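The values are calculated or read from the model by the stated rules, or taken from the named source; none is laboratory data. The model shown is predicted, which means the values in this text are computed figures rather than measured ones. Glycine gets a Cβ as well: all are built from the backbone with ideal geometry, and neighbour counts include every protein chain shown.
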Amino acid sequence: MNTKEMVVQVFDELGYKVQEQNNGSLVVSYQMKEMLVLMEEDSNYMLLMLPVFHEIKEGEETIALALCNRVNREMKLVKVYVDQTAETVTAVCEFYYTDKGSLKNNVDMSLQILGLVRTIYRNMEMECVN
């Protein structure tokens, strides 16, 4: 079984359907959001990405950077960052795994973290505004 097949099987065992995009990347729906699954063949490294979960209003780029920094300090196993255009915020969980069981545990944990990060970011944003 190759890496992609194992990843698809793990998501299936967790109850999630994986769709393969035209470019070969994988997408999984979680809490009504699409997560990208990025991996390297013959490598035990994987990245789950919640792309563009927040759009930055013009003039609020500095606030977004500060919020990303705060989320990164307070949450473990997630990286939240402003994209290169300074227009959106994205979150990623990346990890190494040793076997299928490790992959399954890491995927499950990463999905939970990415499900929470959007809410935590928005709560911090509301604290900043008020």
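Below is a table of values for the structure above.
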{"item": "Residue match in the stretch 67-90 (condition: among the charged types (D, E, K, R) and within 20 Å of V10 (Cβ to Cβ))", "result": "no"}
{"item": "Flag for V107 being at pLDDT 95 or above and within 21 Å of Q31 (Cβ to Cβ)", "result": "yes"}
{"item": "Looking only at the stretch 79-130, and only at residues there that are in a loop (DSSP other than H, G, I, E, B) and in contact (Cβ under 8 Å) with a residue 40 or more places away in the chain, the one that is surrounded by the fewest Cβ atoms within 10 Å (Cβ to Cβ)", "result": "T98"}
